[in-house]
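S.K.: After the structure tokens below, expect a handful of questions from me.
The values are calculated or read from the model by the stated rules, or taken from the named source; none is laboratory data. Remember, predicted model here, so these are calculated numbers, not experimental data. Using ideal geometry, Cβ is built from the backbone for each residue, glycine included, and neighbour counts are taken over all protein chains shown. The accessibility values were calculated without ligands, DNA or RNA, using every heavy atom of the protein model including side chains. Shrake-Rupley method; radii C 1.70, N 1.55, O 1.52, S 1.80 Å.
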Amino acid sequence: MRAPLLITLALIGAPAYAADEPSGCDKFKWPIERERAALTAPDRPRIASGANLNPALPVAAVISLRPSAEANLPTTPERKPAANTFSGYAAFKNALPPGSYTINLSAAGWIDVVQDGQFLRSVTSSGVRGCEGIRKSVKFEIPPKPFTIQISGIEADSISVAIVPASE
């Protein structure tokens with residue numbers, strides 16, 4: 001009786017994320033060659049959390065992060081960062097042209113785009129393991145006003161971020 005009970009409890013308690021995630025660059029929902037190139041470019045600048053990013057596209061930078069509890073993000077993230085993770089943000093004080101953009105991360109994490117104190121909703125997202133240089137890509141429709149990108153729940157104290165016009 002114990003063995004079936006333990007098996008049943010193990011199956012019920014198995015988290016959904018334990019299922020195999022897609023692996024390999026070809027498993028993204030859309031082509032990510034431009035995004036990956038931007039994230040891995042050797043000349044991308046290193047910036048401190050809170051710095052302003054120039055809107056010349058594509059935009060890519062390595063952002064230095066702080067422990068999430070000390071990150072002083074402008075807005076509380078929509079998803080609470082896990083303990084012992086890092087967070088940070090970059091501001092776009094000069095607006096981008098209106099349009100669809102992908103915001104891309106080199107590692108797993110949460111992305112919030114904040115404009116006029118409100119969260120912009122993502123259009124769609126894609127993430128895979130086993131694709132060197134890129135882990136997550138999220139599409140947003142960004143109106144032509146200043147905005148902030150907040151990154152949270154990152155395991156390391158820095159992350160590569162790239163903003164690229166979305167391919168239609």
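S.K.: Please check: in the Gaussian network model of the chain (C-alpha springs, under 10 Å), which one of Ala108, Ala83, Ala51 has the largest mean-square fluctuation.
M.R.: Sorting by GNM fluctuation, first place goes to Ala83.
S.K.: So how tilted is helix 2-13 from the main axis of the chain? Cα-based, degrees 0 to 90, rounded to 10.
M.R.: Between the helix axis and the principal axis of the chain, the angle is about 20 degrees.
S.K.: Among Asn84, Val128, Ser152, whose Cα projects farthest towards the positive end of the dipole of the stretch 18-168, with charges put on the beta-carbon of Lys, Arg (+1) and Asp, Glu (-1)?
M.R.: Among Asn84, Val128, Ser152, the one farthest towards the positive end of the dipole of the stretch 18-168 is Ser152.
S.K.: Ok, one more. With N set to the residue count of the chain, report its C-alpha Rg divided by 2.2 N^0.38 Å to two decimal places.
M.R.: Against the compact-globule rule of thumb, the ratio is 1.14.
S.K.: Accessible area per residue of the chain at 1.4 Å probe, in Å²?
M.R.: Ligands and nucleic acids excluded, the result is 56 Å² per residue.
S.K.: Could you look at the chain and say what percent of its accessible area is carbon and sulfur, using a 1.4 Å probe and all protein chains?
M.R.: Carbon and sulfur atoms account for 54 percent of the accessible area of the chain.
S.K.: Suppose R0 equals 41 Å; then what is the FRET efficiency for Lys80 and Asp43 from their Cβ-Cβ distance, rounded to the nearest 0.05?
M.R.: The calculated FRET efficiency here is 0.75.
S.K.: Compute the FRET efficiency between Ala156 and Asp116 as 1/(1 + (r/R0)^6), taking r as their Cβ-Cβ distance and R0 = 35 Å, and round to the nearest 0.05.
M.R.: After rounding, the FRET efficiency stands at 0.70.
S.K.: With +1 assigned to the C-beta of every Lys and Arg and -1 to the C-beta of every Asp and Glu, and no other charges, what is the dipole magnitude of the chain about the Cα centre in debye, to the nearest 20?
M.R.: 140 debye
S.K.: With Rg and the Kirkwood Rh both taken from Cα atoms, where does Rg over Rh land for the stretch 66-161?
M.R.: For the stretch 66-161, the value is 0.95.
S.K.: Express the Stokes-Einstein translational diffusion coefficient of the stretch 87-138 in µm² s⁻¹, to the nearest whole number, given a Kirkwood radius over alpha-carbon pairs, 10 °C and a viscosity of 1.306 mPa s.
M.R.: My calculation gives 126 µm²/s for D.
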